[in-house]
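Note sheet for the following structure.
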Amino acid sequence: MAMDGITIAGIVKELKTRLEGGRIYKIYQPEDDEICLVVKNKTSKGNTSDRLVISANAGIPMIYISDRNKDNPAVAPNFCMLLRKHIGNGRIIDIKQPDFERIIEIYIEHLDEMGDVCIKKLIVEIMGKHSNIIFVNKDDIIIDSIKHVSHAVSSVREVLPGREYVYPPSKEKMNPLEADVNYFINHVLAKPERIEKAIYMSYTGISPVTANEILFRSGVDKNNTDELDLLEKDKIYSAFSDMFKDIKEGKFMPCIAYDGYEPKEFSSILLSSYGEVCAEKSIPAKNVRGLKSYTSISETIYDYYAKKSVSSRMKQHSTDLRKIVSNAIERTSKKYDLQIAQLKDTDKRDKYKVYGELITAYGYNVNAGEKELVCDNYYTGEKITIPLKTEKSAMDNAKDYFEKYNKLKRTYEALTTLTKETKDELNYLISVKNALDIANMEDDLKQIKQELIESGYVKGKGHGKEKKNQVKSKPLHYISSDGFDMYVGKNNYQNEELSFQFADAKDMWFHAKTVPGSHVIVKTRGESELPDSTYEEAARLAAYYSSARENGKVEIDYTERKNLKKPPKSNPGFVIYHTNYSMTIEPDINGIEEILE
């Protein structure tokens, strides 16, 4: 999401707390549209040094405090040199957000060439493709900007040295910090719009995500303003008012909203419409909406864009593998359905055997040219009618039926083996698809690709054990509410390693019954029995990380690791066991703490 006024308000509060009173020690310009200010400050906790990153990138404009260094050009750009000349060693005396806009004004006090104290402003506009960093004097005359905007580019306003700085047009929106209940109900909610749109189109600094959060907090389950009664309008205004009361008081709760592993939104307020806050240091699992909270909006912004980049890259890099696996699943499914249909046709084999036996037993009563034989079926004690070929004798009819029986019997025996092999192959491919869904690291994809190469689905050079071991992908790690470590394999290689190399004989093993899924290992630490809650949480993990996760309930098998066996020449991650317990549980892992390593 683009940074809205609420996020900017959270940033301003953090910048005021950490930077006000500090001196600008160094100024860098690592990118054409980005500057970094190193600010040193004296606080009650001692001397501090913060790196303020300001980016006017059209795609991802942002401002945040970072402790990470970036490479800088050998020769500083002109804008950087200008800032060094004017505000190098200057002191930050104030930081403001005018009219709740997506604008931050940093007031800097410094000495001019005559040794007199003067004040200049660094104005940061976070407005998508129109973002800019503008340096102005005390009279708001532009000294320079990181992007020049001439009249040829914008007919609304010029951003050029020597021009007077004017704010971007507000489109006649109101400041939400000055909201009035009568205006809100009688004007905002009187617009013939969707409720969220009526809100964010009426006030500055409110994004669609924030408007949706206001509606969610109100508890009103309506879509359009014309569907609202007065009580519902009051509820929406109350949620709106409460939110901005917290903002006025500086009560922020930075968070990232996740949809599974993918970060979807971030804000300096809690986006409760996305679910509950996850356990400390954890993020929601696949297909689970939830929040990860932070104490710093700067850390929130950095993590969001870092994780967003990883998520996008994972989707892009796994596209080819997903296509290969999906095509293989489609082919194998069609093959399996055809084999099942052929197998069903062999169900009548025993009928032909009985026909042949009964004709042999009662054929002496059949006259030449008869179309059927009616006799007692000595297997059931009932009358039976057996069709006959009129041009053949009774014994030849019996011989035909025995031949049909033997042919179908051979077909049944062959198809029984083939369908099992095809079903195993289909389950294996679904397990690989499941692994692609879980993958959240580049090394996960490398392991899956290695597996597909070795299984013959992807062309490539041989990957021996030595190359397999070079990949450092790790399983998912959770902690039960009782403090037991629980590990989830993200692909078949990890499943096999977890079960046969990592787990001890007395550790507990969990897996969804009869469907592809992850192996879950619970380290028992020598305990003879696990608490019931740990059993249930491990089973929930096994249910969730299986191909049956969309079901309301999933049956889970669990047993001690020592009861597992791996058949010779079987696919990676395939095991058999004959001693186990079972439970049925929901595939819901909310509240289970994930350890990010």
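The values are calculated or read from the model by the stated rules, or taken from the named source; none is laboratory data. This one's a predicted model, so the numbers in the text were calculated from it and none came from an experiment. Glycine also receives a Cβ, built like all others from the backbone with ideal geometry; neighbour counts cover every protein chain displayed.
Brief remarks follow.
- Residue 138 surrounded by 12 or more Cβ atoms within 10 Å (Cβ to Cβ) and farther than 30 Å from residue 237 by Cα: no
- Residue check, residue 210 farther than 17 Å from residue 247 by Cβ, surrounded by 15 or more Cβ atoms within 10 Å (Cβ to Cβ) and of a type in the set (S, T, N, Q): no
- Set 150, 154, 170: member being surrounded by fewer than 16 Cβ atoms within 10 Å (Cβ to Cβ), under 38 Å from the mean Cα position of the chain (by Cα) and not assigned by TED's automatic domain parsing to the domain that holds residue 214: 170
- Contacts under 6 angstrom Cβ, first residue in region 413-427 being within 20 Å of residue 330 (Cα to Cα) and touching a residue at least 12 places away in the same chain (Cβ under 8 Å), partner acidic (Asp, Glu) and crowded, with 18+ Cβ neighbours inside 10 Å, 6 or more apart: none
- Only helices (runs of 4 or more DSSP H) whose full extent lies in region 362-471 are considered here, and the ones with at least 2 residues that are among the hydroxyl-bearing types (Ser, Thr, Tyr) and farther than 30 Å from residue 542 by Cα are 394-438.
- Here residue 16 meets each of (1) in contact (Cβ under 8 Å) with a residue 24 or more places away in the chain; (2) among the basic types (Lys, Arg); (3) touching a Phe, Trp or Tyr at 6+ places or on another chain (Cβ under 7 Å) with one exception, condition (3).
- Subset of region 38-55 [out of contact with any helix residue (DSSP H, G or I) (no Cβ under 9 Å at 6 or more places or on another chain) and surrounded by 12 or more Cβ atoms within 10 Å (Cβ to Cβ)]: 38, 40, 49, 51, 54, 55
- Within the span defined as region 85-106, every residue fails to be closer than 15 Å to residue 133 by Cβ, exposed (fewer than 13 other Cβ atoms within 10 Å of the Cβ) and at pLDDT below 95.
- Failed condition for residue 9, given (1) touching a Ser or Thr at 6+ places or on another chain (Cβ under 9 Å); (2) within 27 Å of residue 295 (Cα to Cα); (3) modelled with pLDDT under 95; (4) surrounded by 15 or more Cβ atoms within 10 Å (Cβ to Cβ): (3)
- Within region 191-224, the only residue that satisfies the criterion of being hydrophobic (A, V, I, L, M, F, W, C), over 17 Å from residue 270 (Cβ atoms) and either out of contact with any helix residue (DSSP H, G or I) (no Cβ under 7 Å at 6 or more places or on another chain) or not assigned by TED's automatic domain parsing to the domain that holds residue 270 (or both) is 201.
Residue-by-condition table, conditions (1) surrounded by 24 or more Cβ atoms within 10 Å (Cβ to Cβ); (2) acidic (Asp, Glu); (3) outside the structural domain of residue 587 (by TED's automatic domain parsing); (4) assigned to a loop (DSSP other than H, G, I, E, B):
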position	(1), (2), (3), (4)
534	no, no, no, no
541	yes, no, no, no
548	no, no, no, yes
558	no, no, no, no
562	no, no, no, no
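- Residue list for region 18-58, restricted to those being farther than 17 Å from residue 71 by Cα, small (Gly, Ala, Ser) and under 39 Å from the mean Cα position of the chain (by Cα): 49, 56, 58
- Within region 504-523, being at pLDDT below 95, in contact with a Leu (Cβ under 9 Å, 6 or more places away or on another chain) and farther than 14 Å from residue 545 by Cβ holds for no residue.
Residues checked against (1) at pLDDT 95 or above; (2) of a type in the set (Gly, Ala, Ser); (3) under 23 Å from residue 352 (Cα atoms):
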position: 381; (1), (2), (3): no, yes, yes
position: 393; (1), (2), (3): no, yes, yes
position: 396; (1), (2), (3): no, no, yes
position: 421; (1), (2), (3): no, no, no
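- Figure legend. Inter-residue proximity from region 73-93: first residues touching a residue at least 24 places away in the same chain (Cβ under 8 Å), second residues among the β-branched types (Val, Ile, Thr) and in a loop (DSSP other than H, G, I, E, B), beta-carbon distance below 7 Å, spacing 6+ or different chains. Indicated pairs: 79/146.
- Members of region 120-137 that are within 19 Å of residue 169 (Cβ to Cβ) and either of a type outside the set (Val, Ile, Thr) or assigned to a helix (DSSP H, G or I) (or both): 125, 127, 128, 129, 130, 131, 132
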